[in-house]
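Undergrad: Could you have a look at this structure, given as structure tokens, before my questions?
The values are calculated or read from the model by the stated rules, or taken from the named source; none is laboratory data. Since the structure is predicted, the reported quantities are computational estimates derived from the model, not experimental observations. Note: ideal-geometry Cβ built from the backbone for every residue, glycine included; neighbour counts use all protein chains shown.
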Amino acid sequence: MNLLNTLAQLEGDDNLHIGRLLILLAAFAGQDGTKSINGLTKLAKLDFLLRYPVFLERALDSKQAPSHGVEIEEHERISVESKMVRYRYGPWDFRYRRLLNIMIAKGLVNFNIEGRTIQIGLTIQGFDLALNLSKKESCLDLARRANILRREFDITATNLMKFIYKTFPEIVSLRLGEKISHGNQVQ
């Protein structure tokens, strides 16, 4: 099996995406694991930066924040872990709702609705699993980058969306539904 087939299989593996989202939610959950991310839009923007470390590096440079912890591997500069598309509010993966429902069904995530905002948090089981994943060699980069996101981008969804549009104007110019790739190339 060649590398492209392997990557395509990984892209379709829900567990890969669920693990990444758990690590992201854990970074924002605080020491006791009880804090949540307010809104699916904010989760999507944070996940965009986590999935695309080249964009995270650019975002940190734009903020004049240290980017040394991003530590991008060469293969990450020339390949894309997974595709996101231009959506009404910027980068989006249409699987978020399905993935969140799977995590809720597995008892890993809970949510509350306040007004029109969904607060997405981890259950005790989800927090424990996320912490265990974060310690695995294969997830160390994700965990480190998720903590950078918590440190540098724990802002409202609206402010995060404005920041992404300002920092990555090429995303704004894409047509709705057009795939986003790193390296500013549309696919």
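Undergrad: Are there any pairs with C-beta distances below 9 angstrom linking a residue in the stretch 145-171 that is free of Cβ contacts under 8 Å to residues at least 40 places away in the same chain and under 19 Å from T117 (Cβ atoms) to a residue that is of a type in the set (S, T, N, Q) and part of a helix (DSSP H, G or I), with the two at least 6 apart or on different chains, and if so which?
TA: Cβ pairs passing all conditions: T158/T41.
Undergrad: Write out, first by first residue and then by second, each pair whose Cβ atoms fall under 8 Å of each other, whose residues are 6+ apart or on separate chains, and whose first residue, in the stretch 90-119, is farther than 13 Å from D47 by Cβ while the second is modelled with pLDDT under 90 and in a strand (DSSP E or B).
TA: Partner pairs satisfying both residue conditions: none exist.
Undergrad: On to the next question. Restricting attention to the stretch 24-60, report how many residues are within 17 Å of S134 (Cβ to Cβ), basic (K, R) and surrounded by fewer than 21 Cβ atoms within 10 Å (Cβ to Cβ).
TA: 1
Undergrad: Name the pairs: first residue in the stretch 49-60 and aromatic (F, W, Y), second residue buried (at least 23 other Cβ atoms within 10 Å of the Cβ), Cβ to Cβ under 7 Å, at least 6 apart or on different chains?
TA: Between residues of the stretch 49-60 that are aromatic (F, W, Y) and residues that are buried (at least 23 other Cβ atoms within 10 Å of the Cβ), the close pairs are F55/L49.
Undergrad: Residue under question is I78, and the condition is that it be of a type in the set (A, V, I, L, M, F, W, C), at pLDDT below 85 and farther than 13 Å from D141 by Cβ; does it hold?
TA: yes
Undergrad: How about the stretch 120-144: which of its residues are free of Cβ contacts under 8 Å to residues at least 60 places away in the same chain and hydrophobic (A, V, I, L, M, F, W, C)?
TA: Across the stretch 120-144, the qualifying residue is only L140.
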